[in-house]
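For reference, the structure discussed in these notes is given below.
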């Protein structure tokens, strides 16, 4: 025989052994055997002596017929189960090896996998029904008067076995159901919900034993049973004990089928509360609980998308503006605010673009804007916009600032030192102004932005142009210095009055006191870089 088919069969067997199907098959056989033994034991030993079925007196031929039927019925049940499972196993193998394919066969296999507990129950009930008919016919010579008792006993046994088998199969096949539900719930399929499962539990723990007890008393009353009603203590006791055991098993299975997704939901909610929007619930079935799990996953995906949009929104307009827009909404227009404005611009960036590669220019601008954003954020400001190689920062809008002027002035002095360290020989200018301005959303209803419009913005831009010609590269208006607290105002020296281009009112200039020279800052930065290089060299 060719070794390749044998190897493929061996690989398939090894794969199947790691799936839930062997346990599922074993559970089917086990439940049927245990149910049959319980029913036969009850008919043989549970009934009063005068009504017991004397199986030892059964003709050998009849017994052989019944045992042959059991063999045939189990074979047919195994055949149909395997036939139902083959598409499911093919889908599982294809899903594991190649990934899920959106084909008609896949949809059929997913639906069939989800319906396997139901198929198992149907097969069980059919086997038990046919088996009870064959058993009544085979045992007729010794149990002709007890045929109704046999029919009722096997019917109740079939009901209990089918229900427990369904609940057990649902739990055993949960990994298969999780994989089948990754692509959503198939159309026209719903698993039994919480109410249906509770009804199953009631049937197991209450309906079956009570019906059996009632029928036993009725059979004794109408002389279907030979023993009088007062001799039925033992059968009723056995039924009561069976109800306790079987009812407990069914209740535990139903409780676990409800508690497991709720426990997972509580864990997932905790993850979302901690900010983990990747928390995902496995969908166990297509009942209300499965729909709850699927709804939670959809909600988390929406939350993650909203958070992603909020992060992107905050990166474009600033976190404070984004938070304010989400909390209060947006509308065109603005309001007058006392603000401080910081404007910073590079010198000669156009010339740089023509002399160095574009990628280097982009890296330079990214370093420049990174320093500006970090410095402004540390001082409680808001970088409103980037304009080519310039940036506009606002202090006091949209969030109130207790010392907007002082924060803007301190940020300009710190920004001077940081930019020299990062940019090297590239020159820049920084201007700071303060005053009343309109802050709000400007534009059209379909496209607008949050910005500040007013004389302080224009004055800061003109101060920046003038600062490019200054040795310290930082200028502020005397009004901004006068609006700052003393701790910052004492760091500035008020100087001459000038007329800035485009403005009617004159501006009194202010310069930082004891501003470090560019040469000393660059020397310090170069020394730090050289020391880092030495430390990185191998010994």
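The values are calculated or read from the model by the stated rules, or taken from the named source; none is laboratory data. These numbers come from a predicted model, not from an experiment. All Cβ positions, even for glycine, are placed from backbone atoms using ideal geometry, and neighbour counts span all protein chains on display.
For this structure, a couple of remarks:
- Failed item in (1) in contact with a strand residue (DSSP E or B) (Cβ under 8 Å, 6 or more places away or on another chain); (2) crowded, with 17+ Cβ neighbours inside 10 Å, with residue 369 passing the rest: (2)
- In a residue-by-residue description of region 486-499, the property of being under 15 Å from residue 407 (Cβ atoms), out of contact with any helix residue (DSSP H, G or I) (no Cβ under 6 Å at 6 or more places or on another chain) and part of a loop (DSSP other than H, G, I, E, B) applies to at least one position.
- Whichever residue in region 487-504 is at pLDDT 85 or above and out of contact with any strand residue (DSSP E or B) (no Cβ under 8 Å at 6 or more places or on another chain) and, among such residues, is farthest from residue 431 (Cα to Cα): 487
- Where residue 382 falls short, out of the listed (1) over 37 Å from the mean Cα position of the chain (by Cα); (2) under 20 Å from residue 475 (Cα atoms): (1)
- All of 387, 445 fail the test of being under 45 Å from the mean Cα position of the chain (by Cα), under 21 Å from residue 500 (Cβ atoms), surrounded by fewer than 22 Cβ atoms within 10 Å (Cβ to Cβ) and at pLDDT below 90, apart from 387.
- Residue that is modelled with the highest pLDDT, among those in region 322-349 that are assigned to a helix (DSSP H, G or I) and either in contact with a strand residue (DSSP E or B) (Cβ under 9 Å, 6 or more places away or on another chain) or surrounded by 11 or more Cβ atoms within 10 Å (Cβ to Cβ) (or both): 349
- So residue 438, is it under 15 Å from residue 340 (Cα atoms), in contact with a strand residue (DSSP E or B) (Cβ under 9 Å, 6 or more places away or on another chain) and at pLDDT below 90: yes
- Within region 506-523, the set of residues being at pLDDT below 85 and either in a loop (DSSP other than H, G, I, E, B) or more than 17 Å from residue 473 (Cβ to Cβ) (or both) comprises 514, 515, 516, 517, 523.
- Residue check for residue 297: at pLDDT 75 or above, within 27 Å of the chain's Cα centre (by Cα), assigned to a loop (DSSP other than H, G, I, E, B) and closer than 30 Å to residue 179 by Cβ: no
- Considering region 363-481, the qualifying strands (runs of 3 or more DSSP E), each wholly inside and each with 2 or more residues that are out of contact with any helix residue (DSSP H, G or I) (no Cβ under 7 Å at 6 or more places or on another chain), run over 382-387, 390-395, 428-444, 447-453.
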